[in-house]
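Remarks on the structure that follows.
No lab work stands behind these numbers, since they all come straight from the coordinates. The shown structure was predicted, so the numbers you read here are calculated from the model rather than taken from an experiment. Here the Cβ positions follow ideal geometry from the backbone for every residue, glycine too, while neighbour counts run over all protein chains shown.
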Amino acid sequence: MTFSRIRSLITVGFAVLAITLLLGIGGADAADPALDEPTNEPAAVDADAYVVLAWNDLGMHCYNRDFQDLAVLPPYNNLWAQVIRKGDPPEIVTSGVKVTYSFPNNTYSVGKSNFWTYAKALFNVDLAPNVGLTGKGLSGEMDQQTDHYIAEGIPLTEFSDSDLTKADPYQLATIIVNDSTTNAELARTITVAPVSTEMHCDNCHDDGGVENISTGRVETNILTLHDDEEAVAAVSSSAVNTSLMQQRPVLCAKCHASNALGTTGEPGVPNLSKAIHEKHEGEVPDTTDGCYNCHPGPTTKCLRDVMSQEFGMGCVDCHGDMEQVAKNPDPWLNEPRCDTCHNEGPYDQNQALYRNSTEHGGVYCAGCHDSPHAIAPSSQPNDAIKFIGWQGHDGPIDTCTVCHVTGPTAAGPHGQIFVPVEGFLPMMKR
C-alpha cells in the first residue's frame, strides 16, 4: 500500500464519524443522527429504503475570474444523480420522486463574480441575479431524464458564503430525494461540485511578458496580442483584422467553435481547443505541471484521482501531448476511454465517453467510481464524503448492500465476485 493511500485512509478515518452523523442518509425513517451512539455493528438494511448516487460530470468546471474583457467559460456546473430503490434486485427509480440540489454554504454568486454584469454583452441574454444560462440557480429541482436526474448550468463560484476571500474549488452540494406525493424524504447525499478560476495566463501574459505587451491587465494583453498577430496575418492572407480590444467583452467561443458551450464558431477559424493548444505547443512542457499553466492548477490540482495518486499517471498519459490534443477533431466529445487500458471485456465502455457510460444494473460508471479526474479514491477529503455515507469508507462503491438488501451470489460489477466477511457487510473480492 502506497504512502499516499495510507495517508488518504487516515484522513478518511478521522472523518467517518462526523460525516455519518451529518448526512442522515437513511431517509425519512432514520433516527436523529445527533442522538445515535457510535457502533461498530452494520446498520440494518430497510428493504424499502432508497439510495441516491450523485456526482459531477467532469471532475472540474472552470470559469473566468473576471469577465470585463473576455470569457473562455462562464459559471456553469452540472450535477447528475440516480435514485435506486434497494432490493433484490435493486431498481433505478425515475418516477414518483422529486430530486433537489442545494449548496448550503454557497447560496449566491452575484458579488462573488462579475459575470452578471457582462452576461448580456457576452451571451445576449438577460439573466436574473444568481441564475445561470440554463435558468438554474444555486438550488432547485433536478430534471428527470430516462435513467437519471440532472441539473445543468448551475452558476456556481469557488467562494463559500462563510469565506468570501479564500477560493474553495471543492464545493459541496446536498442532493435530497422526496416522495413526489407525500414529500417524505427518501434519501440524501453530499457530493462535490468542483469549480475553479485558477487559469494562470499571467504566467506568460502579465505586463511585459509576451511581445513585451503592457496594458495593465492580463486579459487585455492577450486581446492586444491577438489583434497584433491577426493584423500581420491580414497583410499576406485572407485573415480578418479582429480589433478585439474595441469589442470587449469578447466571448472566445463566438469565433472559435466550442463543444463545451455549443457554439459553431466562424468558418475557417479553428475550434477553441485547437487554437489554444496549437498556439501554446512548445511554449509549455508536456507534463501535468505544464497543463496546470492553464487548467486548474498548481493549487487546485484538479487531477486528483486514484490513477494519479497511486499509479503516478498524469494528464499526458490519457490525453496525449499538446500536439495530440490540438489534433482532436471533436474536443469534449472525443476524449480518452478507460477501456483503452482496462481492455478486458468486463471493463468495456458502452458509450464513447466514460461520463455517459453505464454498467452494473444500468448504474452510471461515475455513480460508483466518481467523476473523470476524480476517480475514487481521490486526494480530496470532500470527494470521500458521499462514499463514507453510503458504505462507511472511501470509494469506489464496493459494498453490495449500498443497493442490495442482501449480498448477491451472482457476479457483480465487471464480473467481480462478492464475498461475505463475518461481522461486515458483503464486499467485492478484488
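Quick notes
- With 30 Å as the limit, the listed pairs Lys98/Lys254; Lys166/Lys327; Lys136/Lys166; Lys166/Lys274; Lys136/Lys327; Lys279/Lys301 have Lys98/Lys254; Lys166/Lys327; Lys166/Lys274; Lys136/Lys327 beyond it between alpha carbons.
- FRET efficiency for the Thr181 to Asp317 pair, using the beta carbon distance and R₀ = 45 Å, is estimated at 0.35.
- With each label modelled as a point 7 angstrom along the Cα→C-beta vector, the Met245-Leu164 pair spans 3.4 nm.
- Between Lys279 and Ser214, the contour length at 0.36 nm per residue exceeds the alpha carbon distance by 21.4 nm.
- Phi-based couplings in Hz for segment 243-249 (Karplus 6.51, -1.76, 1.60; Gly and Pro marked x): 6, 5, 4, 8, 10, 5, x
- Karplus-derived HN-Hα couplings along segment 298-311 (A = 6.51, B = -1.76, C = 1.60, θ = phi - 60°), whole Hz, x at Gly and Pro: x, 8, 5, 6, 5, 7, 9, 7, 5, 5, 6, 7, 10, 10
- With R₀ set to 51 Å, the beta-carbon distance separating Thr94 from Thr287 gives a calculated FRET efficiency near 0.75.
- For segment 109-151, convex hull of alpha carbons as volume per residue, Å³: 81
- Footprinting exposure proxy for Glu335, Glu323 (fewest neighbouring C-beta atoms within 10 Å first): Glu323, Glu335
- Residue by residue, segment 158-174 carries 3J(HN,Hα) couplings of 8, 10, 6, 4, 7, 8, 7, 10, 10, 5, 10, x, 10, 5, 10, 9, 9 Hz when phi is fed to the Karplus relation 6.51 cos²θ - 1.76 cosθ + 1.60 (θ = phi - 60°); x denotes Gly or Pro.
- With a cut-off of 12 Å on the backbone N, the residues of segment 246-280 near the modelled label site 7 Å out from Ala121 along Cα-Cβ are 246-251.
- For segment 38-166, the Stokes-Einstein estimate of translational diffusion at 10 °C and a viscosity of 1.306 mPa s comes to 95 µm²/s, using the Kirkwood hydrodynamic radius over alpha-carbon pairs.
- Quotient of Cα Rg and 2.2 N^0.38 Å for segment 115-211, N being how many residues it contains: 1.44
- Share of alpha-carbon pairs per 5 Å distance bin for segment 259-396, given as whole %: 2, 9, 15, 19, 19, 17, 10, 6, 2, 1, 0
- Relative frequency of Cα-Cα separations exceeding 13 Å in segment 175-214, percent: 71
- Volume of the Cα convex hull of segment 195-323, divided per residue and given in Å³: 134
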